[in-house]
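A quick write-up on the structure given underneath.
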Amino acid sequence: MINKKNKSLLIIIPARLDSTRLSKKLMRKISGVPMIIRVAESALKTKLGDVLVATDSKQIQNLCKNEKIDSVITPTDIKSGTDRVHYAYKKIKRKYDLILNLQGDLPIFTKEVIEKTVGLFNDKKTEIGSAVCDLHTSEFEDKNIVKAKVLFKNNNEGFAIDFCRIIKNHKFFYHHIGLYLYTHDSLNKFIKLKQSQNEFKRNLEQMRAMDNNMKIKLVKVKEIPPSVDTLEDLKKIRLLFRKNK
């Protein structure tokens, strides 16, 4: 569990079987292991909290059972990843101080990213915590990479101003990392909000929070945890795992 002020943490990985950009990507194998299992095992290795996979697929649930990873089945028609996280959280009927929505397409990330995001809640104004890293020029018009606009202070922390997929000017924009940290109360608050027009238009669930004035605080980290959105991304990750071995 998280040591800082003894806060309990539940890491929930929303795992929808269908994917628009890469079919059944969470089932795709990386060095012989399905991606969803890679992500769950990485989360477990941090030893920061409990780990739960929230999926609409019996196939994914069976993979989790085989690896002794906790999972729950959720409906297929849930609106977003965080809505799926909330459904799973309610289903287990246990209260945690912090709930982390960890994207199922992040097979490589460090313990430090989560720890620094948890540290954002030392600020009582924080309702949702997340992380960013430096944005490369080649990523400006890559719609698969979400950009966050934020003004950082000396401690590399700041509140989000905006999120988008394509930018022309890099000023104050960073590469957004796919994790969202909530308190028990802020997760419930988010779920009660109606989906906003910007959420639909940009296909970014965090815009629901932004459009309703929820405070999203971001921390800047050095690493860029590679996400898998396309077949090319998957090939790169596979090569990376082979090199590391």
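With 10 angstrom as the radius, rank S8, S186 by how many other C-beta atoms surround their C-beta, starting from the fewest.
Listing S8, S186 from fewest to most nearby Cβ atoms yields S8, S186.
Taking every alpha-carbon pair in the range 112-225 and binning the separations at 5 Å intervals from zero gives 2, 12, 24, 25, 21, 12, 4, 0 percent.
Return the Rg/Rh ratio of the range 57-141 with Cα-based radii and a Kirkwood Rh. That ratio equals 1.01. How high is the relative contact order of the chain, in percent, with contacts defined as C-alpha pairs under 8 Å that are six or more residues apart? Relative contact order of the chain: 21 percent. Each residue of the range 127-136 was assigned a 3J(HN,Hα) from its phi angle through the Karplus curve 6.51 cos²θ - 1.76 cosθ + 1.60 (θ = phi - 60°); the sequence is 9, 9, x, 7, 9, 9, 9, 4, 9, 8 Hz, with glycine and proline shown as x. Of the residues T55, T76, T46, the one with the fewest other Cβ atoms within 10 Å heads the list, and the complete ranking is T76, T46, T55.
Between amide H atoms placed 1.01 Å from N, distances below 5 Å from D162 occur with K149, all of them 5 or more places distant or on a separate chain. In this structure, the residue pairs whose Cα-Cα separation is over 31 Å, taken from K111/K201; K111/K243; K68/K147, are K111/K201; K68/K147. For A148, the shell of other residues with beta-carbons less than 14 Å away shows a net charge of +3, using +1 for Lys and Arg and -1 for Asp and Glu. The convex hull of the Cα atoms of the range 30-79, projected and averaged over all directions, covers 4.0 nm². For the Cα trace of the range 1-108, dividing Rg by the Kirkwood Rh returns an Rg/Rh value of 0.95.
Sort E112, E199 so that the residue with the fewest other Cβ atoms within 10 Å of its own Cβ comes first and the one with the most comes last.
Lowest count first: E112, E199.
Plainly put, the range 124-170 has a radius of gyration that is 0.99 times its Kirkwood radius, both from alpha-carbon atoms, as the Rg/Rh ratio.
Based on alpha-carbon centroids, what's the gap between the range 198-237 and the range 39-101 in Å, whole number please? Value for the Cα centre distance between the two parts: 19 Å. Working from the Cα coordinates of the chain, the gyration tensor eigenvalues give, after taking √(5λ), semi-axes of 25, 22, 18 Å in decreasing order.
Laboratory data are not the source of any read-out in this text; all were calculated from the coordinates shown. All values derive from a computational prediction rather than experimental measurement. So basically every Cβ, Gly included, is an ideal-geometry build from the backbone, and we count neighbours across all protein chains shown.
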